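The values are calculated or read from the model by the stated rules, or taken from the named source; none is laboratory data. All values reported here derive from a predicted model rather than from experimental measurement. Cβ sites come from the backbone with ideal geometry, for glycine too, and all protein chains shown count toward neighbours. Just the protein is used for accessible areas: all its heavy atoms, side chains included, with ligands, DNA and RNA removed. Shrake-Rupley method; radii C 1.70, N 1.55, O 1.52, S 1.80 Å.
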Amino acid sequence: QVQLVESGGGLVQAGGSLRLSCAGSGRTFSNAAVAWFRQAPGKEREFVASIKWSGDYTLYTDSVKGRFTISRDNGKNTVYLQMNSLKAEDTAVYFCAAGFLYGTRRESDFGSWGQGTQVTVSS
């Protein structure tokens, strides 16, 4: 089992940037694919981005391509989500999740989840 803790959320103006961190514990974290999901008020949770255990393959949802970058440092057991050019519609609770199947966007393929961090973008 992998334990995950997100941090880095906050309030930012439209056009600004934030970097989220997902700190993992457990020996298998460095072998796991890690994804970011988000849930806006009144909406279902949606896939944002994922990264393979090796860090050399990434996947993004269309609405964040060119603005968000996912990366990882396995030496620090941490995955990052750099978010630039933020928009009001990026406002959501952001969750990181870990699993052992890369390339999937399905929540059910990720067995470990963090508690979430709030990102609020003011327009």
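So which residue, out of Val93, Val79, Val48, gets the largest mean-square fluctuation from a GNM of the chain using Cα contacts under 10 Å as springs?
Among Val93, Val79, Val48, the largest GNM mean-square fluctuation belongs to Val93.
Would you work out what percent of the accessible area of the chain, with all protein chains in place, is carbon or sulfur (probe 1.4 Å)? Before the final figure, lay out each step's value.
Details: 2930 of 6210 Å².
The value for the chain is 47 percent carbon and sulfur by accessible area.
Could you list the residues of segment 85-100 with an amide nitrogen less than 19 Å from a label point located 7 Å from the Cα of Gln118 in the Cα-to-C-beta direction?
Residues 87-96 qualify, since their backbone N sits under 19 Å from the label point.
With θ taken as phi - 60° and the coefficients 6.51, -1.76 and 1.60, list the Karplus ³J(HN,Hα) couplings across segment 55-71 in order, rounded to whole Hz; mark glycine and proline as x.
x, 9, 10, 10, 9, 10, 6, 4, 5, 10, 4, x, 10, 10, 9, 9, 8
In nm, to one decimal, how far is the Arg45 label point from the Thr69 one, both placed 7 Å along Cα→Cβ?
Placing both labels 7 Å along Cα→Cβ, they lie 2.7 nm apart.
What's the lysine pair count for the chain at a Cα cut-off below 22 Å, pairs eight or more apart or interchain?
Details: Lys43/Lys65; Lys43/Lys87; Lys52/Lys65; Lys52/Lys76; Lys65/Lys87.
Step by step, the pairs that qualify in the chain add up to 5.
Could you identify which residue out of Arg67, Arg45, Arg19 has the top mean-square fluctuation in a GNM of the chain using Cα springs shorter than 10 Å?
Ranking Arg67, Arg45, Arg19 by mean-square fluctuation puts Arg67 first.
With the Cα gyration tensor of segment 72-115 giving a ≥ b ≥ c as the square roots of its eigenvalues, does the rule (a/c under 1.5 for rounded; else a/b larger than b/c for prolate; else oblate) give rounded, prolate or oblate? Spell out each step's value before the answer.
Working: a/c = 2.06, a/b = 1.33, b/c = 1.55.
It is oblate, given that a/c is not under 1.5 and a/b is not larger than b/c.
Quick check: residue separation of Asp62 and Gln82 times 0.36 nm, minus the Cα distance between them. What number comes out in nm? Intermediate results must be reported in sequence, preceding the final value.
On the way: separation 20, 0.36 × 20 = 7.20 nm, distance 1.57 nm.
Result: 5.6 nm gained on full extension.
Hey, can you find the accessible area per residue of the chain for me, probe 1.4 Å, expressed in square angstrom? It would help to have the intermediate numbers written out before the result.
Working: 6210 Å² over 123 residues.
For the chain, the per-residue accessible area is 50 Å².
Can you give me the C-alpha center-to-center distance between segment 5-55 and segment 64-123, rounded to a whole angstrom?
When both Cα centres are located, 2 Å separates them.
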